[in-house]
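Undergrad: Would you mind keeping the following structure in view while I ask a few things?
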Amino acid sequence: MRDTEIAIVGCGPKGLYALDSLCEAARRSAEHRFTVHIFEPSAHPGAGPIYDPRQPEVLLMNFPAGLINAWTGGRGPSFLEWAARSPKPVDAGDYVPRAHVGRYLFWSFERIVAQAPSNVRLIQHKTRVDAVKCEGDRWSISPQNISVDHVLITTGHQDGFRQSAPETRNHIPSPFPIDQRLTQTAVPPASTVRCKGFALTFIDTMLALTEGRGGVFALSATGYTYTPSGTESRRIAPFSRSGRPMRAKVEAALFTQPQGDAFWDDQRAELSHILRTPYATFTNHIWPAFLSFADQVLGNPSGTSANFFTHRTKTTFTPDEIRQDLRIGYDIAMGRRAQDSAWALAEVWRRCYSQLINWISHRELTPDDAHHFRQIAAEMERLAFGPPAQNIGKLITLEQAGIVSFDHMTGEATADVTINATIPPAGGAELAAPLDGLLRDGHLSIGAMGGVRVDKEAHALTRDGIAKGLSIIGRATEGCVLGNDTLSRSLHDLPENWAAAVVQSARQSNALEHSL
């Protein structure tokens, strides 16, 4: 009986979860042997480049610490339990440095390796994979020239960390990794900076060029004060087509929810009923329900949220509107102002997100419904999944200090350095190696929502069926699978489903061998 050979290409958090799931599934099938090749070029598998433990501590999660758990079924410590062993305590509502979470994820990877069952042999390759080629019923990994039965690709964000073009003297194609891309040589003190993008990556860039260079924020009664270090950029000017900023996440200890659990139980039950309707669409059924729920949260007249959202999405914000929206969102998050329609819609989106994921993932929407969903989801990303309140408070302070400028949102500002602080959307046009080659060779297909199509076991779907032995989990599938940009282990079950399918395939192959 030969080993079933598997390759995991990319081992950030999604690869970590898949590896753990595979080890657990193999542990329950001791009669079968598995060899697993792990391809991850970064120094900290499990964390990968996004959660690199070496990145600046000023870069924070936008996911509260209490929701971070690399394990299922209590088999390992949650982030909070793991962090309790360190001298610096962490509360469930804290937005901790990404580097700290990276240390936890790397520790989890090392634990999985150390505790792998005896029928699983793990081989690590600290290298990239340039290509994956189909050779009969097996897959060849290049340039390592390794052949496997199953390959799982979990390469995540590929733009800045892995595949960016080299910088020119005055253009930086991605700020990541920050300790290499945003040095004082690349972005000299007192230089002027243009930043393409006005979302989370922009905020990371802004903090790296200020607080990350020794500037000091101090919390005040109304926000923050900032003491420069002298090595900051003189001006950081974001530019964005809409100018619409992200809303702050609330500080749980300071915020009072206007509705209790019973209200949300009722809304989710109503949504479940809608989702079970055979011909439900996002445009005609789900989104109208979300708008109605948002009105009910605050006791507003019917249509209030719809009017707000229509007006917002048709508006290109002026600098004064940006300042006002940031301040409103920050004050709401800090419990200083009554909630508005933006907050209510965001809360509905967050509270109902898991139901939306279950309904929309692996479903081929009509082109019109898919287009409408993408438009709404892009705006809801700004409202529901923004940065922690402290980062919005720091943005407000830096703008008031003249270090950040909202006066050049069309991108017309001249600057010493331009930084691309955007993350490309998922989809076929943005795929990098090895996914681009697989798409070109016909082993992948792109759905109406723009992502690589996979089934519920993460098997890649071609135009004609399943690409046997090829699986994808993570950002490349965004659209086919909703909500990949999260550390939540409970939001998706693809890693567990994939592992179960691999073990089941091994059983069938071995049974066939015995019958011959």
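Undergrad: Considering only Cα-Cα distances, which of the following residue pairs are longer than 27 Å: K196/K249; K14/K314; K14/K468; K314/K456?
TA: Listed pairs above 27 Å: K14/K314; K314/K456.
Undergrad: Between K196 and R28, what FRET efficiency comes out of the Förster formula 1/(1 + (r/R0)^6) with R0 = 51 Å and r the beta carbon distance, rounded to 0.05?
TA: Computed FRET efficiency for R28 and K196 comes out at 0.55.
Undergrad: On to the next question. Name the aspartates and glutamates eligible as straight-distance cross-link partners of K394: C-alpha to C-alpha under 16 Å, and not fewer than 8 places from it in the same chain.
TA: Within the straight-line limit of under 16 Å, K394 reaches these aspartates and glutamates: E57, D204, E211, E232, E251, D325, D331.
Undergrad: Set the Förster radius R0 to 30 Å, insert the Cβ-Cβ distance between E135 and E110 as r into 1/(1 + (r/R0)^6), and round the FRET efficiency to 0.05.
TA: Taking R0 as 30 Å, the efficiency between E135 and E110 is 0.35.
Undergrad: Which of the three applies to region 306-346, rounded, prolate or oblate, going by the alpha-carbon gyration tensor with a ≥ b ≥ c and a/c under 1.5 meaning rounded?
TA: Oblate, since a/c reaches 1.5 and b/c is not below a/b.
Undergrad: Whole percent per 10 Å bin, from 0 to the bin with the longest distance: what is P(r) over all C-alpha pairs of region 261-307?
TA: Histogram of Cα-Cα distances, whole percents per bin: 27, 51, 21, 0.
Undergrad: What 222 nm value per residue comes from the helices of the chain, counting each DSSP H run with n ≥ 4 as -39,500 (n - 2.57) and dividing by all residues, nearest 500 deg cm²/dmol?
TA: The per-residue figure over the chain is -11000 deg cm²/dmol.
Undergrad: Continuing with the same structure: So, by mean Cβ neighbours within 10 angstrom, what's the order for 12-23, 447-458, 69-80 with the highest one leading?
TA: Per-residue mean Cβ counts within 10 Å order the peptides as 12-23, 447-458, 69-80.
Undergrad: With a ≥ b ≥ c the root eigenvalues of the C-alpha gyration tensor of region 1-46, is it rounded (a/c under 1.5), prolate (a/b larger than b/c) or oblate?
TA: Judged from the Cα gyration tensor, region 1-46 comes out oblate (a/c at least 1.5, b/c at or above a/b).
Undergrad: Given q = 0.10, 0.16 Å⁻¹, what are the Debye log10 I(q)/I(0) values for region 220-317, with equal point scatterers placed on the Cα positions and solvent ignored?
TA: -0.51, -0.98
Undergrad: Still on this model: Would you mind working out the accessible area per residue for the chain, using a 1.4 Å probe, and quoting it in Å²?
TA: Value for the chain: 43 Å² per residue.
Undergrad: At R0 = 30 Å, how high is the FRET efficiency between T310 and S488 if r is their beta carbon distance? Nearest 0.05 is fine.
TA: 0.45
Undergrad: How many nm separate the modelled label positions at T281 and S505, each set 7 Å beyond the Cα in the direction of the Cβ?
TA: Computed distance between label sites T281 and S505 equals 3.7 nm.
Undergrad: Still on this structure, I have one more. Convex hull volume of the Cα atoms in region 146-301, per residue, in Å³?
TA: Taking the convex hull of the Cα positions in region 146-301, it is 260 Å³ per residue.
The values are calculated or read from the model by the stated rules, or taken from the named source; none is laboratory data. Being a predicted model, the structure only gives us computed values, none of them experimental. Backbone-built Cβ (ideal geometry, glycine too); neighbour counts: all protein chains shown. Heavy atoms of the whole protein, side chains included, go into the accessibility calculation; ligands, DNA and RNA do not. Shrake-Rupley method; radii C 1.70, N 1.55, O 1.52, S 1.80 Å.
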